[in-house]
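Remarks on the structure that follows.
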Amino acid sequence: QQHAGNPVDWWEWGPEAFAQARERGVPVLVSIGYAACHWCHVMAHESFENPDIARLMNEGFINVKVDREERPDVDQLYQGVVQLMGQGGGWPLTVFLTPERVPFFGGTYFPPEDRHGRPGMPKVLQALRDAWTTKPDEVRQQADEFREGLGELAGYGLDAAPSALKAEDLVAMGVQLVRRMDEVNGGFGGAPKFPNPMNVALVLRAWRRAPAQDALKQAALLALERRALGGFYDQLGGGFHRYSVDERWLVPHFEKMLYDNAQLLRVYAHLWRATGDDWARRVTYETADFIMRRLGTSEGAFASALDADTDGVEG
């Protein structure tokens, strides 16, 4: 609905769109986002509302808009494509497919012109249209490689019986994760820094299995305490933002997600149970209160996100 006024000829995900692609002999551009996604709004304003870029999209592609809240299955599949390309994934997700739904190129946000080390959307569209027209065999080969990679990704680890995992395996995984963590600020990687709640939960569980491994405890405490001290955690309203713009958990990206807060609530509850720390108890209760108060709906359900934008401006 947010994209209804775009000059892009958007199709819904479904057999009709791919039948039209086969009939026209063109590839499919799939744009995946969701209503509260700030960078989805940015790309929409910069590219999808631009008549010249929309013309390139309409002339060379069948354009499909997908809401990841409605079709998480489609989103999960093509997030794997972008990760196979060595990118981190995320939204807006932009994936190019053959009419048989096999991907051959993808990325996340593309600006309207070259910047931030990313190619501009018009350059991407023109290059892929030219490749589809002049090098169809190479494009199909690339698609076959992605198909094979996705098959391997989908089957990864399925040959391991659950009984083969032991407590010491959990501890070893926790130790490996600690080696990858930021020793100063906690968490993983640099800016922007995401919460990765399941990684920290695994480190916490590993420490409970091996209490003598003090490094596991200290890493989990550092990661969770630093997140709760900065602007990444809403000091006034409770609950956690989507990510920290900087590596110190100081400046938040103001969007708030239900699934982030649900997972972080569980991790802080486990930390409180394990340590009895008053600050962990406070964060646990404040986060639960935020989820019920701000994300709870009159129908007895929960909203999936709070938008990062107010009156068209982030924050």
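Structure notes:
- Sorted into 5 angstrom bins from 0, the C-alpha pair distances of the stretch 1-143 split as 2, 10, 21, 26, 23, 14, 4, 0 percent.
- The distance between label points at residue 279 and residue 52 comes to 5.2 nm (points 7 Å beyond Cα on the Cα→Cβ vector).
- Taking every alpha-carbon pair under 8 Å whose residues sit at least 6 apart, the stretch 201-315 reaches a relative contact order of 22 percent.
- FRET efficiency, residue 2 to residue 115 (Cβ-Cβ, R0 22 Å, nearest 0.05): 0.35
- Given charges at Cβ of Lys, Arg, Asp, Glu: the chain dipole, positive-most of 121, 216, 41: 216
- Probe 1.4 Å, accessible area per residue of the chain, Å²: 52 Å²
- The figure for residue 3 is an accessible area of roughly 40 square angstrom, using a 1.4 Å probe on the protein chains alone.
- Ordering of 294-302, 17-25 by packing is 17-25, 294-302, highest average first (other Cβ atoms within 10 Å, averaged per residue).
- With DNA, RNA and ligands ignored, accessible area of residue 166 (1.4 Å probe; Å², nearest 10): 110 Å²
- Within the stretch 8-95, percent of DSSP bridges classed antiparallel, to nearest 5: 25 percent
- Karplus-derived 3J(HN,Hα), 6.51/-1.76/1.60, for each residue of the stretch 27-37, Hz, glycine and proline x: x, 10, 9, 10, 10, 10, x, 7, 5, 9, 7
- Computed from the Cα positions only, the extents of the chain along the three principal axes stand at 64, 49, 39 Å, in decreasing order.
- 26 Å Cα-Cα threshold exceeded, pairs from 166/193; 193/217; 193/256; 166/217; 65/256: 166/193
- Share of carbon and sulfur in the accessible heavy-atom surface of the chain [1.4 Å probe, %]: 52 percent
- Remark on the stretch 199-315: ratio of C-alpha radius of gyration to 2.2 N^0.38 Å is 1.12.
- Stretch gain in nm, segment residue 100-residue 22, where the contour uses 0.36 nm per residue and the Cα spacing is subtracted: 27.3 nm
- Helix 197-209 vs. the chain, principal-axis angle (Cα, 0 to 90°, nearest 10): 30 degrees
- Modelled FRET efficiency - R0 35 Å, residue 35 with residue 137, Cβ distances, 0.05 increments: 0.30
The values are calculated or read from the model by the stated rules, or taken from the named source; none is laboratory data. The structure displayed is predicted, hence computed values, not measured ones. FYI the Cβ positions are ideal-geometry reconstructions off the backbone, even for glycines, and counts take in every protein chain you see. Ligands, DNA and RNA are excluded from the accessible area calculation, which covers all protein heavy atoms including side chains. Shrake-Rupley method; radii C 1.70, N 1.55, O 1.52, S 1.80 Å.
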